[in-house]
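Data first, discussion second: the structure below is written as structure tokens.
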């Protein structure tokens, strides 16, 4: 019978670091949104670099303001969805094997970003966006640190899924092959 005390201590020593990373992402997101909300005037760009403005905007929808003019129901829908995804990702993160590195990093970043935007959606009814990238007359929708965490986490999740998982399977097969050829005692 497995020692459940040993399994609990492994979780606390390893996977709590990933949850701490998610918390750091949330704190950075909320702090920068607070700064933007208190220092910027709504919809007035503040030039930072030739391709970057700080522009305070309120996003009532999802990514790229999807469904922002849907009448209000989207606030509850996206809040509920973000809550369910956050719970699922927390459980998934807590159960990650200790040898994985990229996958829990990806999940922690996505979790932190989802919770950061969820806090806005619940407390304000919208998400605070303020990072505005552009090139000449081509403007990328404004975003925030939470969106950046979600994007980076998603990129890492794709890398893990399409490249690193294949490597892990090959490694497991290679390790299992010598054991399969050993004579049974």
* If you check every pair at least six apart or on different chains, which have Cβ atoms under 8 Å apart with a residue in segment 19-33 that is surrounded by fewer than 19 Cβ atoms within 10 Å (Cβ to Cβ) first and a residue that is part of a helix (DSSP H, G or I) and at pLDDT below 95 second? -> 19/90; 19/93; 19/94
* Matching option when the condition is closer than 28 Å to residue 159 by Cα, surrounded by 13 or more Cβ atoms within 10 Å (Cβ to Cβ), out of contact with any strand residue (DSSP E or B) (no Cβ under 9 Å at 6 or more places or on another chain) and at pLDDT below 90, among 79, 86, 65 -> 79
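Every residue, every condition in (1) surrounded by 12 or more Cβ atoms within 10 Å (Cβ to Cβ); (2) out of contact with any helix residue (DSSP H, G or I) (no Cβ under 7 Å at 6 or more places or on another chain); (3) in a helix (DSSP H, G or I), yes or no:
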{"residue": "106", "(1), (2), (3)": "yes, no, yes"}
{"residue": "123", "(1), (2), (3)": "no, yes, yes"}
{"residue": "128", "(1), (2), (3)": "yes, no, no"}
{"residue": "153", "(1), (2), (3)": "yes, no, yes"}
{"residue": "157", "(1), (2), (3)": "yes, no, yes"}
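For residue 139, state whether it is surrounded by fewer than 20 Cβ atoms within 10 Å (Cβ to Cβ), in contact with a strand residue (DSSP E or B) (Cβ under 9 Å, 6 or more places away or on another chain) and within 30 Å of residue 41 (Cβ to Cβ). Spell out the reasoning first.
On the way: surrounded by fewer than 20 Cβ atoms within 10 Å (Cβ to Cβ): yes; in contact with a strand residue (DSSP E or B) (Cβ under 9 Å, 6 or more places away or on another chain): yes; within 30 Å of residue 41 (Cβ to Cβ): yes.
Taking the combined requirement at face value, the residue satisfies it.
The values are calculated or read from the model by the stated rules, or taken from the named source; none is laboratory data. Not measured: the values here are computed from a predicted model. Every residue, glycine among them, receives a Cβ derived from its backbone with ideal geometry; neighbour counts consider all protein chains shown.
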